[in-house]
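Colleague: Submitted below is the structure of interest, expressed as structure tokens.
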Amino acid sequence: MLPFTVNFKVSARTLTGALNAHNKAAVDWGWQGLIAYGCHSLVVVIDSNTAQTLQVLEKHKADVVKVKWARENYHHNIGSPYSLRLASADVNGKIIVWDVAAGVAQCEIQEHAKPIQDVQWLWNQDASRDLLLAIHPPNYIVLWNADTGTKLWKKSYADNILSFSFDPFDPSHLTLLTSEGIVFISDFSPSKPPSGPGKKVYISSPHSSPAHNKLAAATGAKKALNKVKILITQEKPSAEFITLNDCLQLAYLPSKRNHMLLLYPREILILDLEVNQTVGVIAIERTGVPFLQVIPCFQRDGLFCLHENGCITLRVRRSYNSIFTTSNEEPDPDPVQELTYDLRSQCDAIRVTKTVRPFSMVCCPVNENAAALIVSDGRVMIWELKSAICNRNSRNNSSGVSPLYSPVSFCGIPVGVLQNKLPDLSLDNMIGQSAIAGEEHPKGPILQEVHLRFLLTGLLSGLPSPQFAIRMCPPLTTKNIKMYQPLLAVGTSNGSVLVYHLTSGLLHKELSVHSCEVRQYLAVVFKDKPLELWDVRTCTILREMSKNFPAITALEWSPSHNLKSLRKKQLATREAMARQTVVSDTELSIVESSVISLLQEAESKSELSQNISAREHFVFTDNDGQVYHLTVEGNSVKDSARIPPDGSMGSITCIAWKGDTLVLGDMDGNLNFWDLKGRVSRGIPTHRSWVRKIRFAPGKGNQKLIAMYNDGAEVWDTKEVQMVSSLRSGRNVTFRILDVDWCTSDKVILASDDGCIRVLEMSMKSTCFRMDEQELTEPVWCPYLLVPRASLALKAFLLHQPWNGQYSLDISQVDYPENEEVKNLLQEQLNSLSNDIKKLLLDPEFSLLQRCLLVSRLYGDESELHFWTVAAHYLHSLSQEKPASSPTSKDTEPRDKVNNPLDICYDILCENAYFQKFQLERVNLQEVKRSTYDHTRKCTDQLLLLGQTDRAVQLLLETSADNQHYYCDSLKACLVTTVTSSGPSQSTIKLVATNMIANGKLAEGVQLLCLIDKAADACRYLQTYGEWNRAAWLAKVRLSSEECADVLKRWVDHLCSPQVNQKSKALLVLLSLGCFFSVAETLHSMRYFDRAALFVEACLKYGAVGITEDTEKLISAIYADYARSLKNLGFKQGAVLFASKAGAAGRDLLNELESPKQERTEE
């Protein structure tokens, strides 16, 4: 039989409650799968899957206003392992960077003593992951090295800065939201501060636009949209327009380049930054609930919106089918062109009261299929999106909302017939891409329509709001060891009692009852009426004291009473009676045991105890400080002794009694220690004002006590009459103490006015605990908590299934000679995965690329997720295009296939044809929306670059005669229509274009080159002048795939250069070009051995890399290096596997790995 174990270890911890108004925006959901949020001056870290508190970080002296997890956009290995880094900023301007797993502050940063407005980690540098950008009020942005706490640079701006947003497609673009408008910075760089004041634009209020009008009929919508004129202007708007503080939030759309959203209480505006114009409005009807916050998605063009009633809604962009034709024909005369976001799902609202209101929302950055709502009362609600396939006939067509379809592929690759699929894994696996204009949804049985709904999968509730009283359960003894649980009762102001389990910190049960300590007597003290004594068992009054009974200031019952001895006596007499009634000795033992057990049962039901009158003692003090000792038995009250008042004591406020020690506390902060046996007393002045409460610690012979004052608490040793530790509000801590108790014989519990309950060591120093020491009720999947070697070994174990020819999640089957404890931790991690994920990992149909994608999601590894998404897409589309038998050249060029294109959020990495379609749709939308000559001009430029000459001419001819550009535009129109491919005109135009470019008119020169189909030259000029992104864009929309590949390869060389150092981006561009061999080479040169080995395996499976001498040499070098890195992780079996694949290059390593085995067998 297993030995019975009881968990009574209570580690120091903090239970948190309601939040402070400053904590409103202090929340972040990290790539690591954990949610951090501020609660007063604490930072709480919870697991998003199981909704358990994993860590409470305490070091800030002021309320926390921002928290941000470090990004995981880098390659992880032993040198840069998976780690939990978090930055938190407070009202006093201090930023702390935490190692969350160990609970220690790595670095503290301070610039000014004003609340930090915003912080953000820089995520795009391959070189450094320690850079943190912060807004220090009123108008400074500072770049910090968060590892060392050094300031790299500081820059001030003219206006107060409220928040900022980085362009996800171009990290050199930063946008500041200021109190006056928006400042665009286009030269952000970690190495030096931005030059100049940035480009400042003003927002005219959307309320001057009738965006509230319902955009119903086509005609009405057209009119309403034309009235949303320019929202962004260079001139400062007149006074009646300035309602800028209405703008709640500004964010770039990560799903498509150069789009930004502005959030107002009643509408969301989508801006196209190329023309600075609103291209979409999401308005709330008059009766609707205003917005609080919005989070745009990356994987799909969707928005998570939080409303003021705590409801979270998901809106997804509507698909447009064949709105316009892509040739130069006349477009549809009146296309209602508008980015429309349809409401697809919404969760339940919460009850909003004065004290309970939604604070903010965060969305899972890895899968974008869950959102967490932080409520002001300390609740965290985790809502997950679930998809359901619906029957086509059942859908209501009158709703006017186009259907959502489930995607064809799963984890980057079309689903096999026999393959297990988990559609709810992430947003892009739930719903397919929104079709862009000019593209019909393929009809057929494979497309299944889906509906989305929110499901509450996690709820964490905080402590009730203070004031509250606390009481620990009776201490652990040898008698209760089998059922002991460290439970703490918290009494609230509304009369309910909440019982918390202190090992897990979770709510154990909630009672709405009023009870007192179960003894026999109850003393009721009145203000101006004598004391009453009650019998609790019978609920009757025993005695009311006479009128001349002294007034009571403090009263305490003695811990000793004679109930136990009385019960023993009574039980003995009953047993004796039972024995006399028994006839023979043989029956005696059987009957005796049954009778005694019956008696004990009856005893516990207190049938006997009704007529036992226990003797109990209590002491109390009167106004003069005299101590009275009274004995109660039955209904008689005897006056036993009196202790005269101590002259040094004031009015007594509380008494504690344990064994032979009696301690009194008074209004002036004096403590009086009485030794009842030796009849000596000793007074100690603490000078701490009113003693509110005194409690002795549990445990026989433990004479420690805790005293609570108005301004803090002290622990005393009454044996030595010495203070052990002290805590003062305002000096050591910022909170005020409301109540104290003992948790165990060496730990105290403090309840404080910030709504928290802290379990502390006797020294009362606040500490954070190590996360791996914590006892959790449910296991948590978080490989970040493992030591670096173990987390990387676990990753290799998951990636290279099957081991020994079988798919298994039992790590003991694998030769991994680490110590048992580490192995058990790994097994716990594997066991904590959900059954759906386990099923996928064990599915033999689940391909290597899909496995790589799934594991990068499980680890929240941003850099791997993007790499494998693009790799899986292009490796798969390549294998579809060519028969598997034909060996390919070293680098293959992709074909333009648009049947299942790469999502547009990957922008430049998408297939050319799909990219062109998207750009045409966009320019069409800009054309519909143009409202000024400037907009028209920008549209004309875009149309000319895209080769849409007829539409460009139409726009050029619209210029009115009184416009200063009228003559130029008319001539340009003539030029565009008459450009022929005759030699002389071409050479003239080319000469003019090169002169223009040489004289600083780059855009105009490029336009002329595009007119005469010299786009390749135009790209070269753009690259020469550092316009790399623009060149890549132009190459994709105008050039053949071969010419385009040349332009992009030059870009790759630029990205790999040491001064740019964006090799990870270069890798993605190479993947999109199908240069798989170059990708493997680059990965190997970057020492990304694990990724290189997996990529080579995938390429060989798809036949994407031809086998030549060069490739074989590279492949065996990659395998050998990967085997060495697995050996360093202690993962022997993996090392043997890859060393044997490496051929000659891995032979020495293989011998080295196998030699210890032989030695063992020889022994």
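The values are calculated or read from the model by the stated rules, or taken from the named source; none is laboratory data. None of these values were measured; they are calculated from a predicted model. Because the Cβ atoms are built from the backbone with ideal geometry, glycine has one as well, and the counts that use them run over all protein chains shown. We work out accessible area using only protein heavy atoms, side chains counted, and drop any ligands, DNA or RNA first. Shrake-Rupley method; radii C 1.70, N 1.55, O 1.52, S 1.80 Å.
Colleague: Multiply the residue gap between Asp950 and Arg731 by 0.36 nm, knock off their C-alpha separation, and tell me the result in nm, one decimal place.
Modeller: 71.2 nm
Colleague: Here's another thing I want to ask about it. Take the eigenvalues of the Cα gyration tensor for region 628-674, scale each by 5, and report the square roots as semi-axes in whole Å, largest first.
Modeller: Semi-axis lengths for region 628-674 are 24, 12, 10 Å.
Colleague: Report Lys199's accessible area, 1.4 Å probe, all protein chains in place, as a number in Å² to the nearest 10.
Modeller: Counting only protein heavy atoms, Lys199 exposes about 90 Å² to solvent.
Colleague: If Glu821, Glu1042 are ordered by their accessible area, calculated over protein heavy atoms with a 1.4 Å probe, which sequence runs from highest to lowest?
Modeller: Heavy-atom accessible area, descending, gives Glu821, Glu1042.
Colleague: Take each of the peptides 632-642, 670-680, average the number of other beta-carbon atoms within 10 Å over its residues, and list them starting from the highest.
Modeller: 670-680, 632-642
Colleague: Continuing with this model, one more query. Kindly provide log₁₀ I(q)/I(0) values, in the same order as q = 0.17, 0.24 Å⁻¹, from the Debye equation applied to equal alpha-carbon scatterers of region 742-811.
Modeller: Listed by q, the Debye log ratios stand at -0.80, -1.14.
Colleague: Over the residues of region 949-1041, compute the C-alpha Rg and express it relative to 2.2 N^0.38 Å.
Modeller: 1.14
Colleague: Note down the accessible area of Arg379, probe 1.4 Å, to the nearest 10 Å².
Modeller: Ignoring ligands and nucleic acids, Arg379 comes out at about 60 Å².
Colleague: Sticking with this one: Cα-based Rg (one decimal) and Dmax (whole number) for region 603-716, in Å?
Modeller: Over region 603-716's Cα set, Rg and Dmax evaluate to 16.3, 51 Å.
Colleague: Quick one, what does Rg over Rh come out to for region 901-966 if you take C-alpha atoms and the Kirkwood Rh?
Modeller: Dividing the radius of gyration by the Kirkwood radius yields 1.08.
Colleague: When the expected Rg is taken as 2.2 N^0.38 Å, what fraction or multiple of it is the alpha-carbon Rg of region 685-808?
Modeller: The value comes to 1.63.
Colleague: Could you pull the accessible area for Leu292 with a 1.4 Å probe, rounded to 10 Å²?
Modeller: Counting only protein heavy atoms, the figure is 50 Å².
Colleague: Counting pairwise Cα distances across region 1011-1064, what percent come out greater than 12 angstrom?
Modeller: 61 percent
Colleague: Rounded to the nearest 0.05, what FRET efficiency do Thr631 and Lys700 have when you use their Cβ-Cβ distance and R0 = 25 Å?
Modeller: My answer for the efficiency is 0.55.
Colleague: Would you list Lys823, Lys24 from the most to the least accessible area, probe 1.4 Å?
Modeller: Lys24, Lys823
Colleague: Do the alpha carbons of any pairs in Lys838/Lys1036; Lys509/Lys658; Lys59/Lys823 sit beyond 32 Å of each other, and which pairs?
Modeller: Cα-Cα > 32 Å for Lys838/Lys1036; Lys59/Lys823; rest within.
Colleague: What is the Rg over Rh value, at two decimals, for region 713-784, using alpha-carbon atoms and the Kirkwood definition of Rh?
Modeller: Rg divided by Rh gives 1.07.
Colleague: Eight or more residues apart or on different chains, and alpha-carbon atoms under 22 Å: count the Lys pairs in region 1056-1163 matching that.
Modeller: 9
Colleague: Follow-up question, since we're still on this one. Which value, in debye to the nearest 20, describes the size of the charge dipole of region 1-152 about its Cα centre when Lys and Arg Cβ atoms bear +1, Asp and Glu Cβ atoms bear -1, and nothing else is charged?
Modeller: 260 debye
Colleague: Heavy atoms only, probe 1.4 Å: what % of the accessible area of region 1004-1163 goes to carbon and sulfur, would you let me know?
Modeller: 48 percent
Colleague: Quick check: residue separation of Gln570 and Ser172 times 0.36 nm, minus the Cα distance between them. What number comes out in nm?
Modeller: 134.6 nm
Colleague: Dipole magnitude of region 693-836 about its Cα centre, charges +1 at Lys/Arg Cβ and -1 at Asp/Glu Cβ only, in debye to the nearest 20?
Modeller: 660 debye
Colleague: What do you get when you divide the Cα radius of gyration of region 68-203 by 2.2 N^0.38 Å, with N the number of residues?
Modeller: 1.06
Colleague: Around Phe359, with a cut-off of 11 angstrom between Cβ atoms, what is the net charge of the other residues, counting Lys and Arg +1 and Asp and Glu -1?
Modeller: Net local charge, Phe359 excluded: +2.
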